[in-house]
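S.K.: Sharing a structure, written as structure tokens. Questions coming.
Computed from the coordinates by the stated procedures, all read-outs in this text should not be read as laboratory data. This is a predicted model, so every value here is computed, not measured. So basically every Cβ, Gly included, is an ideal-geometry build from the backbone, and we count neighbours across all protein chains shown.
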Amino acid sequence: MKTIQGFVMIDVDVAALNNAGNDTSTHLDNATMTKKIRKNGKEYPYVSGQAWRYWWRETLEKKFNWNMSPIIREKRIAYTEADPMIYPDDDMFGYMRAGKKKIIDPDTGKEKSVNATLTRVSPLKNSALIAVNYNPIVQLWSSMSRQEGDAVPYGKDEYCAVMKGMFSIDIDMVGTFSAIERSGFQNINEEMRKLYLQKGAIEIDDPYLKDKKGNPIKLIRIDDSERLKRIKDTISALKYICGGAKQTTNMADVTPKLIILCKFASGNHPFSHLAKEELGKPVFSIDALKEVISEYQDDIEGKIYVGKRSGFMDELNDEFVKLQDENKIKYGAVNKIIDKFVNELKI
């Protein structure tokens, strides 16, 4: 199994990135609360994994001109076109679609309606972004007072936070689709399989699944150059990612201030505990990084790439330079390290 494992830290001040609806604990009639979670008896703000993915997808569309899968709405459900060869976001972000869809019959060239109960687990997996250290969330009292009469008060939660998050990309899964009629495994149907082969896709053996006779199940894979482009775009989008609630008055930069990237021979994430709270402050643990390098040296392909923005945790500079001098990591500015990683990436 080949994966790309990533770890990021962001730093925001007076932010309200991901809200959780009305706050009923306040005396104000109109108040919004931020998403927060309790840990060790304290409340920490966080950004849901779904919100982070939304920002990510928006960045890929706007900055990298991805042809996004159209969304179909039917009564109480909504789904995308579920065509991962045509739409890269269906490929990278996954989908679930039930019902019928219209396609061009690969045998007759005519449009027909076929079964479209299709699912795809996303090759891109990510955590939530959660504050590393405790910093009290405060509620700002504001008012609308440009009208005649009394002001209309409202409140919103705000916070300062250094947040951490993880993501992983299953390299082998990108651009690779199963047509097996099995719940959770049918990414495409038989008609789509034939159409993809006509358009230049190839068949490969599934390394895990076998049919009733013990033969490997056949998977459909698109061209490697397109697969690599989708992976590179997804990682490069982190240089430009933007989003969050209350951006009009609480604009926050959500690009990474520290990023770690590596190609890895496992689906398990090795970087989950690199950041911690120490004496009330967010800390990046060099010792934890050294331990990962030591314990997973056989699983890390090439080097670990570390990028850091100047002005953020500058006390780490000498340690990172020392690790680079020892030929254990590649170190530099965030955007340059992302570029270096994607430019040197092979699948």
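S.K.: Name the most mobile residue of Gly302, Gly243, Gly311, meaning the one with the largest mean-square fluctuation, in a Gaussian network model of the chain with Cα contacts below 10 Å.
M.R.: Checking each option, the largest mean-square fluctuation is seen for Gly311.
S.K.: Express the relative contact order of region 166-304 as a whole percentage, based on alpha carbon pairs under 8 Å and six or more residues apart in sequence.
M.R.: Here the relative contact order equals 19 percent.
S.K.: In bins 5 Å wide, starting from 0, what share of all Cα pairs of region 273-347 does each bin hold, as a percent?
M.R.: 3, 14, 23, 26, 20, 10, 3, 1, 0
S.K.: While we're looking at this one, here's another question. Percent antiparallel among DSSP beta bridges with both residues in the chain, to the nearest 5?
M.R.: Here the share of antiparallel DSSP bridges comes out near 90 percent.
S.K.: At 7 Å along Cα-to-Cβ for each site, give me the label-to-label distance between Lys346 and Thr117 in nm.
M.R.: Each label point lies 7 Å from its Cα, and together they span 4.4 nm.
S.K.: Now, a different point. Using the scaling law 2.2 N^0.38 Å as the reference, what is the normalised Cα Rg of region 63-108? Could you put the intermediate results ahead of the total?
M.R.: Numbers: Rg = 12.0 Å, N = 46, 2.2 N^0.38 = 9.4 Å.
Rg over 2.2 N^0.38 Å, computed on Cα atoms: 1.28.
S.K.: Hey, what D do you get for region 150-262 in µm²/s if you plug the Kirkwood alpha-carbon radius into Stokes-Einstein at 4 °C and 1.567 mPa s? Write out the running numbers ahead of the final one.
M.R.: Numbers: Rh = 18.4 Å.
Answer, rounded: 71 µm²/s.
S.K.: Follow-up. Any idea what angle helix 334-344 forms with the longest principal axis of the chain, computed on alpha-carbon atoms, 0 to 90 degrees, nearest 10?
M.R.: Once rounded, the angle reads 10 degrees.
S.K.: I would also like to ask the following. Pick from Lys63, Lys35, Lys75: which is most flexible by mean-square fluctuation in a GNM of the chain where alpha carbon atoms under 10 Å apart are linked?
M.R.: Highest fluctuation among the options: Lys75.
S.K.: Quick check for me: using +1 on Lys/Arg Cβ and -1 on Asp/Glu Cβ, what's the dipole size of the chain about its Cα centre, in debye to the nearest 20?
M.R.: 760 debye
S.K.: Express the C-alpha Rg of region 199-267 as a ratio against the empirical globular expectation 2.2 N^0.38 Å, rounded to two decimals.
M.R.: Normalised Cα radius of gyration, region 199-267: 1.79.
S.K.: Let me ask another. Once the principal axes of the Cα atoms of region 47-128 are found, what is the range along each, listed largest first in whole angstroms?
M.R.: Result, largest extent first: 46, 29, 21 Å.
S.K.: Per residue, how big is the convex hull around the C-alpha atoms of the chain? Give it to me in cubic angstrom, could you?
M.R.: Expressed per residue, the convex hull around the Cα atoms of the chain is 188 Å³.
S.K.: Now, a different point. Quick one: among Ile231, Ile260, Ile217, which has the greatest mean-square fluctuation in a GNM of the chain with alpha-carbon springs under 10 angstrom?
M.R.: Fluctuation is largest for Ile217.
S.K.: With no solvent and one equal point scatterer per Cα, compute the Debye intensity ratio I(q)/I(0) for region 68-222 at 0.14, 0.15 Å⁻¹ and report its log10, rounded to two decimals.
M.R.: -0.79, -0.86
S.K.: Moving to a separate point now. Would you please classify the overall shape of region 244-284 from the alpha carbon gyration tensor, given that a ≥ b ≥ c denote the square roots of the eigenvalues, rounded means a/c under 1.5, and beyond that prolate means a/b larger than b/c while oblate covers the rest?
M.R.: In terms of gyration-tensor shape, oblate.
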